[in-house]
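Written below as C-alpha coordinates is the structure these notes are about.
The values are calculated or read from the model by the stated rules, or taken from the named source; none is laboratory data. These figures come from a predicted structure and were not determined experimentally. Here Cβ is always computed from backbone atoms with ideal geometry, including for glycine, and neighbour counts include all displayed protein chains. Side chains are part of the model used for accessible areas, which takes the heavy atoms of the whole protein and leaves out ligands, DNA and RNA. Shrake-Rupley method; radii C 1.70, N 1.55, O 1.52, S 1.80 Å.
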Amino acid sequence: MAYQNLISEVKENILYLTINREKALNALNKDTLSELAEAIAYAGNTDEVRGVILTGAGEKAFVAGADIKEFADYNGEQGEELAKKGQNEVFNAIETSPKPFIAAINGFALGGGLELAMACHMRIASDNAKLGLPEVTLGLIPGYGGTQRLTQLVGKGKAIELITTANMITATEAEKIGLVNYVVPLEDLISKAQDILNLIKQRAPLAVSAAIKSVIASVNDADGFAVEIESFGKCFETADFKEGVTAFVEKRKAVFVGK
Ligand code: DAK
(Lines give C-alpha, C1' and ligand atoms only; values in the text may rest on other atoms or scores of the structure.)
Protein backbone atom coordinates (compact mmCIF):
# COMPACT_ATOMS: atom_id res chain seq x y z
CA MET A 1 0.00 0.00 0.00
CA ALA A 2 1.38 3.42 -0.96
CA TYR A 3 0.61 6.28 1.39
CA GLN A 4 1.83 9.86 1.75
CA ASN A 5 2.20 9.98 5.53
CA LEU A 6 2.50 6.34 6.44
CA ILE A 7 5.01 3.63 5.61
CA SER A 8 3.24 0.30 5.51
CA GLU A 9 5.01 -3.00 5.03
CA VAL A 10 4.17 -6.63 5.79
CA LYS A 11 7.09 -8.88 6.67
CA GLU A 12 6.68 -12.40 7.99
CA ASN A 13 3.03 -11.78 8.81
CA ILE A 14 3.73 -8.62 10.82
CA LEU A 15 2.41 -5.32 9.51
CA TYR A 16 4.83 -2.48 10.22
CA LEU A 17 3.13 0.92 10.23
CA THR A 18 5.42 3.93 10.54
CA ILE A 19 3.88 7.36 10.78
CA ASN A 20 6.08 9.34 8.46
CA ARG A 21 5.91 13.09 9.12
CA GLU A 22 9.25 13.38 10.83
CA LYS A 23 9.57 17.15 10.29
CA ALA A 24 6.32 17.72 12.21
CA LEU A 25 7.32 15.12 14.82
CA ASN A 26 4.80 12.77 13.20
CA ALA A 27 1.85 14.92 14.33
CA LEU A 28 -1.47 13.42 13.29
CA ASN A 29 -3.20 15.42 10.59
CA LYS A 30 -6.43 14.47 8.87
CA ASP A 31 -4.70 12.71 5.96
CA THR A 32 -2.54 10.65 8.28
CA LEU A 33 -5.62 9.59 10.25
CA SER A 34 -7.34 8.55 7.00
CA GLU A 35 -4.35 6.51 5.91
CA LEU A 36 -4.10 4.91 9.33
CA ALA A 37 -7.81 4.06 9.19
CA GLU A 38 -7.30 2.25 5.89
CA ALA A 39 -4.26 0.31 7.10
CA ILE A 40 -5.99 -0.70 10.35
CA ALA A 41 -9.02 -2.01 8.44
CA TYR A 42 -6.69 -3.95 6.12
CA ALA A 43 -4.86 -5.53 9.08
CA GLY A 44 -8.15 -6.67 10.59
CA ASN A 45 -9.41 -8.22 7.37
CA THR A 46 -6.47 -10.19 6.05
CA ASP A 47 -5.08 -13.50 7.30
CA GLU A 48 -1.70 -12.37 6.03
CA VAL A 49 -1.33 -10.06 9.04
CA ARG A 50 -0.96 -11.71 12.46
CA GLY A 51 0.05 -8.57 14.37
CA VAL A 52 0.90 -4.91 13.92
CA ILE A 53 3.80 -2.78 15.10
CA LEU A 54 2.98 0.93 15.07
CA THR A 55 5.81 3.43 15.38
CA GLY A 56 6.96 6.90 14.31
CA ALA A 57 9.63 7.86 11.77
CA GLY A 58 12.99 9.05 13.08
CA GLU A 59 14.50 8.93 16.54
CA LYS A 60 12.75 11.88 18.16
CA ALA A 61 9.03 11.24 18.18
CA PHE A 62 6.47 8.50 18.10
CA VAL A 63 3.72 11.10 17.57
CA ALA A 64 3.85 14.58 19.17
CA GLY A 65 0.07 14.90 19.16
CA ALA A 66 -2.69 15.89 16.85
CA ASP A 67 -1.54 18.45 14.29
CA ILE A 68 -2.07 21.67 16.22
CA LYS A 69 -1.55 23.84 13.12
CA GLU A 70 -4.27 21.97 11.23
CA PHE A 71 -7.02 22.14 13.85
CA ALA A 72 -6.14 25.67 15.08
CA ASP A 73 -9.04 27.26 13.20
CA TYR A 74 -11.56 24.44 13.24
CA ASN A 75 -15.09 25.28 14.36
CA GLY A 76 -17.20 23.07 16.61
CA GLU A 77 -18.74 21.17 13.74
CA GLN A 78 -15.38 20.37 12.12
CA GLY A 79 -13.98 19.38 15.50
CA GLU A 80 -16.86 17.00 16.08
CA GLU A 81 -16.50 15.46 12.62
CA LEU A 82 -12.76 14.97 13.16
CA ALA A 83 -13.44 13.42 16.56
CA LYS A 84 -16.08 11.01 15.32
CA LYS A 85 -14.03 9.79 12.34
CA GLY A 86 -10.82 9.53 14.34
CA GLN A 87 -12.39 7.77 17.30
CA ASN A 88 -14.30 5.22 15.24
CA GLU A 89 -11.93 4.50 12.40
CA VAL A 90 -8.59 4.79 14.12
CA PHE A 91 -8.53 4.70 17.91
CA ASN A 92 -11.48 2.37 18.59
CA ALA A 93 -10.67 0.38 15.45
CA ILE A 94 -7.21 -0.39 16.83
CA GLU A 95 -8.54 -1.33 20.25
CA THR A 96 -11.22 -3.64 18.84
CA SER A 97 -9.04 -5.09 16.08
CA PRO A 98 -8.82 -8.88 16.07
CA LYS A 99 -5.06 -8.48 15.50
CA PRO A 100 -2.70 -7.53 18.32
CA PHE A 101 -1.30 -4.01 17.98
CA ILE A 102 1.94 -2.99 19.69
CA ALA A 103 2.92 0.66 19.92
CA ALA A 104 6.70 0.97 19.65
CA ILE A 105 7.16 4.39 21.28
CA ASN A 106 10.41 5.77 19.89
CA GLY A 107 10.38 9.30 21.39
CA PHE A 108 7.73 11.89 22.24
CA ALA A 109 4.24 10.39 22.64
CA LEU A 110 2.13 13.42 23.45
CA GLY A 111 -1.55 14.23 23.34
CA GLY A 112 -3.20 12.37 20.48
CA GLY A 113 0.11 10.48 20.08
CA LEU A 114 -0.11 9.00 23.56
CA GLU A 115 -3.81 8.37 22.96
CA LEU A 116 -2.86 6.40 19.84
CA ALA A 117 -0.33 4.36 21.83
CA MET A 118 -2.94 3.74 24.55
CA ALA A 119 -5.43 2.45 21.99
CA CYS A 120 -2.89 -0.26 21.09
CA HIS A 121 -2.98 -3.55 23.00
CA MET A 122 0.59 -3.21 24.29
CA ARG A 123 3.17 -0.46 24.53
CA ILE A 124 6.94 -0.70 24.44
CA ALA A 125 8.95 2.48 24.95
CA SER A 126 12.54 3.31 24.07
CA ASP A 127 14.53 4.74 26.96
CA ASN A 128 14.54 8.24 25.37
CA ALA A 129 10.71 8.38 25.17
CA LYS A 130 8.68 11.08 26.88
CA LEU A 131 4.97 10.63 27.42
CA GLY A 132 2.23 13.07 28.35
CA LEU A 133 -1.19 14.54 27.69
CA PRO A 134 -0.58 18.31 27.38
CA GLU A 135 -4.04 19.19 26.00
CA VAL A 136 -4.96 21.47 28.93
CA THR A 137 -2.07 23.73 27.92
CA LEU A 138 -4.08 24.38 24.73
CA GLY A 139 -7.42 24.79 26.48
CA LEU A 140 -8.50 21.28 25.50
CA ILE A 141 -8.81 17.90 27.12
CA PRO A 142 -7.77 14.59 25.56
CA GLY A 143 -10.39 13.83 22.92
CA TYR A 144 -9.38 10.49 21.44
CA GLY A 145 -10.28 8.41 24.48
CA GLY A 146 -7.29 9.53 26.55
CA THR A 147 -9.20 10.34 29.74
CA GLN A 148 -10.70 6.84 29.67
CA ARG A 149 -7.76 4.75 28.53
CA LEU A 150 -5.21 6.47 30.78
CA THR A 151 -7.50 5.90 33.77
CA GLN A 152 -7.93 2.24 32.81
CA LEU A 153 -4.17 1.79 32.54
CA VAL A 154 -2.86 3.74 35.53
CA GLY A 155 -5.87 4.42 37.80
CA LYS A 156 -7.80 7.56 38.64
CA GLY A 157 -5.28 9.44 40.79
CA LYS A 158 -2.32 9.22 38.40
CA ALA A 159 -4.56 9.89 35.38
CA ILE A 160 -5.94 13.08 36.88
CA GLU A 161 -2.44 14.18 37.91
CA LEU A 162 -0.98 13.60 34.44
CA ILE A 163 -3.86 15.22 32.56
CA THR A 164 -4.34 18.27 34.79
CA THR A 165 -0.65 19.08 35.27
CA ALA A 166 0.17 18.29 31.61
CA ASN A 167 3.49 16.91 32.91
CA MET A 168 5.60 14.76 30.62
CA ILE A 169 7.02 11.62 32.17
CA THR A 170 9.98 9.46 31.22
CA ALA A 171 9.70 5.95 29.83
CA THR A 172 10.92 4.54 33.15
CA GLU A 173 8.24 6.42 35.10
CA ALA A 174 5.66 5.25 32.56
CA GLU A 175 6.72 1.63 33.10
CA LYS A 176 6.50 2.09 36.88
CA ILE A 177 2.85 3.20 36.69
CA GLY A 178 1.83 0.55 34.15
CA LEU A 179 1.52 2.88 31.18
CA VAL A 180 4.05 0.90 29.13
CA ASN A 181 4.83 -2.81 29.24
CA TYR A 182 8.59 -2.54 28.70
CA VAL A 183 11.37 0.03 28.34
CA VAL A 184 14.29 -0.90 26.09
CA PRO A 185 17.17 0.90 24.37
CA LEU A 186 16.01 2.60 21.15
CA GLU A 187 17.97 0.15 18.98
CA ASP A 188 16.10 -2.80 20.54
CA LEU A 189 12.63 -1.29 20.29
CA ILE A 190 11.36 -3.01 17.16
CA SER A 191 13.01 -6.34 17.96
CA LYS A 192 11.34 -6.38 21.39
CA ALA A 193 7.95 -5.85 19.73
CA GLN A 194 8.81 -8.54 17.14
CA ASP A 195 9.72 -11.00 19.91
CA ILE A 196 6.25 -10.59 21.43
CA LEU A 197 4.44 -10.92 18.10
CA ASN A 198 6.57 -13.89 17.07
CA LEU A 199 5.39 -15.70 20.21
CA ILE A 200 1.77 -14.73 19.50
CA LYS A 201 2.18 -15.98 15.91
CA GLN A 202 2.76 -19.49 17.27
CA ARG A 203 -0.59 -19.45 19.07
CA ALA A 204 -4.04 -20.22 17.65
CA PRO A 205 -5.11 -17.08 15.71
CA LEU A 206 -8.82 -17.28 16.51
CA ALA A 207 -8.09 -17.85 20.20
CA VAL A 208 -5.76 -14.82 20.20
CA SER A 209 -8.52 -12.67 18.67
CA ALA A 210 -11.09 -14.02 21.12
CA ALA A 211 -8.78 -13.29 24.04
CA ILE A 212 -8.25 -9.67 22.91
CA LYS A 213 -11.99 -9.22 22.41
CA SER A 214 -12.75 -10.54 25.88
CA VAL A 215 -10.11 -8.43 27.62
CA ILE A 216 -11.22 -5.29 25.81
CA ALA A 217 -14.84 -6.02 26.81
CA SER A 218 -13.73 -5.58 30.42
CA VAL A 219 -12.94 -1.92 29.83
CA ASN A 220 -15.66 -0.98 27.36
CA ASP A 221 -19.01 -1.02 29.09
CA ALA A 222 -19.80 -4.48 27.72
CA ASP A 223 -20.53 -7.41 30.01
CA GLY A 224 -17.02 -8.82 29.84
CA PHE A 225 -17.92 -12.07 31.57
CA ALA A 226 -20.66 -12.72 29.00
CA VAL A 227 -18.28 -11.92 26.14
CA GLU A 228 -15.72 -14.29 27.62
CA ILE A 229 -18.27 -17.12 27.98
CA GLU A 230 -19.49 -16.71 24.40
CA SER A 231 -15.97 -16.46 22.99
CA PHE A 232 -14.86 -19.47 25.01
CA GLY A 233 -17.72 -21.52 23.58
CA LYS A 234 -16.82 -20.51 20.02
CA CYS A 235 -13.25 -21.73 20.51
CA PHE A 236 -14.61 -25.26 20.87
CA GLU A 237 -15.98 -25.05 17.35
CA THR A 238 -12.60 -24.32 15.76
CA ALA A 239 -10.31 -26.73 13.96
CA ASP A 240 -7.45 -25.15 15.89
CA PHE A 241 -8.95 -26.28 19.21
CA LYS A 242 -8.99 -29.88 17.93
CA GLU A 243 -5.45 -29.49 16.62
CA GLY A 244 -4.25 -27.95 19.91
CA VAL A 245 -5.54 -30.75 22.11
CA THR A 246 -4.55 -33.49 19.62
CA ALA A 247 -1.03 -32.08 19.42
CA PHE A 248 -0.84 -32.04 23.22
CA VAL A 249 -1.91 -35.68 23.47
CA GLU A 250 0.45 -36.69 20.65
CA LYS A 251 3.28 -34.74 22.30
CA ARG A 252 4.01 -32.64 19.22
CA LYS A 253 3.88 -28.96 18.33
CA ALA A 254 0.45 -27.79 17.18
CA VAL A 255 0.10 -26.51 13.64
CA PHE A 256 -2.66 -23.90 13.67
CA VAL A 257 -4.50 -22.80 10.55
CA GLY A 258 -6.73 -20.05 11.96
CA LYS A 259 -9.94 -21.96 11.33
N1 DAK B 1 1.34 19.66 15.75
C2 DAK B 1 1.91 20.29 14.69
N3 DAK B 1 3.25 20.48 14.59
C4 DAK B 1 4.01 20.00 15.59
C5 DAK B 1 3.48 19.35 16.71
C6 DAK B 1 2.07 19.17 16.77
N7 DAK B 1 1.46 18.51 17.75
N8 DAK B 1 4.52 19.02 17.54
C9 DAK B 1 5.62 19.46 16.94
N10 DAK B 1 5.35 20.04 15.78
C11 DAK B 1 6.28 20.66 14.83
C12 DAK B 1 6.81 21.98 15.35
O13 DAK B 1 5.88 23.02 15.11
C14 DAK B 1 8.09 22.10 14.56
O15 DAK B 1 7.77 22.54 13.25
P16 DAK B 1 8.57 23.74 12.55
O17 DAK B 1 8.43 24.91 13.46
O18 DAK B 1 9.99 23.23 12.44
O19 DAK B 1 7.89 23.92 11.21
C20 DAK B 1 8.60 20.68 14.47
O21 DAK B 1 7.46 19.85 14.71
C22 DAK B 1 9.66 20.35 15.49
O23 DAK B 1 9.16 20.69 16.77
P24 DAK B 1 9.93 21.65 17.79
O25 DAK B 1 10.83 22.58 17.08
O26 DAK B 1 8.91 22.22 18.70
O27 DAK B 1 10.85 20.59 18.55
P28 DAK B 1 11.38 20.68 20.04
O29 DAK B 1 12.38 19.59 20.17
O30 DAK B 1 11.81 22.08 20.38
O31 DAK B 1 10.12 20.35 20.96
C32 DAK B 1 8.13 19.15 21.58
C33 DAK B 1 9.52 19.08 20.90
C34 DAK B 1 7.46 17.78 21.34
C35 DAK B 1 8.31 19.34 23.09
C36 DAK B 1 7.30 20.31 20.98
O37 DAK B 1 7.34 20.17 19.56
C38 DAK B 1 5.89 20.33 21.44
O39 DAK B 1 5.60 20.75 22.56
N40 DAK B 1 4.98 19.93 20.54
C41 DAK B 1 3.56 19.99 20.79
C42 DAK B 1 3.14 18.93 21.77
C43 DAK B 1 1.69 19.01 22.09
O44 DAK B 1 1.18 19.96 22.67
N45 DAK B 1 0.99 17.97 21.70
C46 DAK B 1 -0.37 17.80 22.04
C47 DAK B 1 -1.19 18.45 20.95
S48 DAK B 1 -2.87 18.53 21.39
C49 DAK B 1 -9.27 15.64 18.87
C50 DAK B 1 -8.83 14.71 19.76
C51 DAK B 1 -7.57 14.85 20.26
C52 DAK B 1 -6.78 15.92 19.93
C53 DAK B 1 -7.26 16.82 19.03
C54 DAK B 1 -8.51 16.69 18.49
N55 DAK B 1 -10.55 15.47 18.39
C56 DAK B 1 -11.39 14.48 19.01
C57 DAK B 1 -11.04 16.20 17.29
C58 DAK B 1 -5.48 15.97 20.49
C59 DAK B 1 -4.88 17.09 20.73
C60 DAK B 1 -3.45 17.09 20.90
O61 DAK B 1 -2.74 16.13 20.67
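Descriptive notes on the structure:
- Dipole magnitude for the chain: about 700 debye, using +1 per Lys or Arg Cβ and -1 per Asp or Glu Cβ, origin at the Cα centre.
- Probe 1.4 Å - accessible area at K85, Å² to nearest ten: 90
- 0 to 90° range, to nearest 10: angle between helix 239-249 axis and the chain longest Cα axis: 60
- Entries in K99/K176; K30/K84; K99/K253 that, when Cα-Cα distance is taken, lie over 18 Å: K99/K176; K99/K253
- Of the three principal axes defined by the Cα atoms of segment 30-139, the extents in descending order read 41, 34, 19 Å.
- Overall form of segment 181-259 per C-alpha gyration tensor (a/c, 1.5; a/b vs b/c): oblate
- For K30, solvent-accessible area (1.4 Å; no DNA, RNA or ligand), Å²: 100
- 10 Å Cβ shell holding at most 13 others, DSSP loop, chymotrypsin sites (Phe, Trp or Tyr not before Pro): longest site-free stretch of the chain: 75-235
- According to the calculation over all Cα-Cα pairs in segment 205-249, the P(r) per 5 Å bin from zero is 5, 24, 26, 19, 13, 8, 4, 1 %.
- With q set to 0.15 Å⁻¹, the log10 of I(q)/I(0) for segment 32-92, from the Debye formula over equal scatterers at the Cα positions, is -0.59.
- Measuring nothing but protein heavy atoms, the accessible surface of segment 59-122 at 1.4 Å probe radius is 51 percent carbon and sulfur.
- Kirkwood Rh (inverse of mean 1/r, distinct Cα pairs), segment 108-259, angstrom: 17.6
- Over all projection directions, the Cα-based convex hull of segment 132-218 averages an area of 7.0 nm².
- When its C-alpha radius of gyration is set against 2.2 N^0.38 Å (N residues), the chain gives a value of 1.03.
- Accessible surface of segment 155-259 [probe 1.4 Å, protein heavy atoms]: carbon and sulfur percent: 62
- For segment 130-156 versus segment 102-127, the spacing of their alpha-carbon centroids is 13 Å.
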